[in-house]
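To keep things clear, I will list the structure first and then write my remarks on it.
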Amino acid sequence: YQGIENATGKTLYSGTVTLNSVQSGSTYQLTDTARGNHKTYNLARKTSGTGTLVASSTNVFGTGTASTSSSDQTAAADAAYGAAETWDFYKSTFGRSGIKNNGVGAYSRVHYGNAYVNAFWDDSCFCMTYGDGSGNVDPLTSLDVAGHEMSHGVTANTAGLNYSGESGGLNEATSDIFGTGVEFFANNASDPGDYLIGEKIDINGDGSPLRYMDKPSKDGGSADYWSSSVGNLDVHYSSGVANHFFYLLSEGSGSKTINGVTYNSPTYNGSAVTGIGRAKALQIWYKALTTYMTSTTNYKAARTATLNAASALYGSTSTEYKAVAAAWSAVNVA
Ligand code: ASN
Ligand code: ZN
Ligand code: CA
């Protein structure tokens, strides 16, 4: 029986999972027919082309441990799982069928280059690429990273937020917001949902995450609050304002423990913000991104866009609308 969760993935970050494969003669190829024929390829350290479609005679992919071998399939198992969960997140949360909402899957490439410490989406190939990391850093194939990168494809195909200045920060935050949405959606016991980005890949070598949504400045570079110079920061730092907004809108200010992680979210004006829950906050951000934001949306316009979205979804006198206004004010976007 082809293509319905018939394969086993032994991932590095998410335990043993079911995957889709397609039988071809005596081998099984990592092609997901339930999700737009998303395919997973091994670049085996090359930096161009598609490499080879990942295949297994046993229909088991990976070993569950990090490997430096260029023929390793563990990174492929994580990448295929991340793509599947990202597809399912968008479909079930927003009714979106794939990155372009046309039912067509992207493809993933693992083992890019030599000790490459990054992952990226490329809209021109409509594909996802993962490096293996270096030293302490393992492959960049964790769920939130996969969801982050593929969400760049969604942004490119909707609002098209320019990747510089304040719109660039909003572009990056959109990927952190939906990457986090994917992680909570997957509800995987080995990688439970949190408001941290990249907590699994140990990119700093000391176990700390790459970014913090409750208090972005904890990474040493991100902005907690808007200021007139925030657009001069790298987009991975100016994103802090919107990540902080999203955390406050979802969970509220102050201290809160979720899935064993304790957050402490401050506000610019010292006001207390009451969260409306992540599910509603995601709907508001998605509607704003796909209906009201454009390539040049800045923070002030993002406030308007999300207020318009809250008004359309819940009404202009709703608790949700008021919470959006309060959360933006709490990050100094008036
Ligand atoms: N991993 C990075 C990101 O998605 C790649 C980049 O800098 N564009 O933001
Ligand atoms: Zn990004
Ligand atoms: Ca995370």
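Exactly one residue out of Ala80, Ala44, Ala119 is under 20 Å from the mean Cα position of the chain (by Cα), hydrophobic (A, V, I, L, M, F, W, C) and either within 16 Å of ligand 3 (Cβ to nearest atom) or surrounded by fewer than 18 Cβ atoms within 10 Å (Cβ to Cβ) (or both), and it is Ala119. Among the conditions (1) closer than 30 Å to Ser227 by Cβ; (2) surrounded by fewer than 21 Cβ atoms within 10 Å (Cβ to Cβ), the only one that Lys100 does not satisfy is (1). For region 180-219, give me each residue that is modelled with pLDDT of 95 or more, at positive phi and more than 9 Å from ligand 3 (Cβ to nearest atom). Of everything in region 180-219, just one residue is modelled with pLDDT of 95 or more, at positive phi and more than 9 Å from ligand 3 (Cβ to nearest atom), namely Asn187.
When every residue of region 299-315 is checked against the conditions, at least one turns out to be under 14 Å from Gly169 (Cβ atoms), in contact (Cβ under 8 Å) with a residue 24 or more places away in the chain and surrounded by fewer than 19 Cβ atoms within 10 Å (Cβ to Cβ).
Every residue, every condition in (1) β-branched (Val, Ile, Thr); (2) within 10 Å of the chain's Cα centre (by Cα); (3) more than 12 Å from ligand 2 (Cβ to nearest atom), yes or no:
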residue	(1), (2), (3)
Gly179	no, yes, no
Val182	yes, yes, yes
Asn188	no, no, yes
Ile197	yes, yes, no
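Number of residues in region 193-228 that are among the hydrophobic types (A, V, I, L, M, F, W, C), touching a residue at least 60 places away in the same chain (Cβ under 8 Å) and within 21 Å of Ser14 (Cα to Cα) equals 3. Scanning region 92-136 for residues that are within 13 Å of ligand 1 (Cβ to nearest atom) and not charged (D, E, K, R) turns up Tyr112, Tyr116, Val117, Asn118, Ala119, Phe120, Trp121, Met128, Thr129, Tyr130, Gly131, Gly133. Looking at this structure, is Val104 away from ligand 2 (no atom under 14 Å from the Cβ), of a type outside the set (S, T, N, Q) and at pLDDT 95 or above? Yes.
The values are calculated or read from the model by the stated rules, or taken from the named source; none is laboratory data. Owing to the predicted nature of the structure, the values given are computational and were not obtained by experimental measurement. For neighbour counting, all protein chains shown are included, and Cβ atoms are generated from backbone atoms with ideal geometry for every residue, glycine included.
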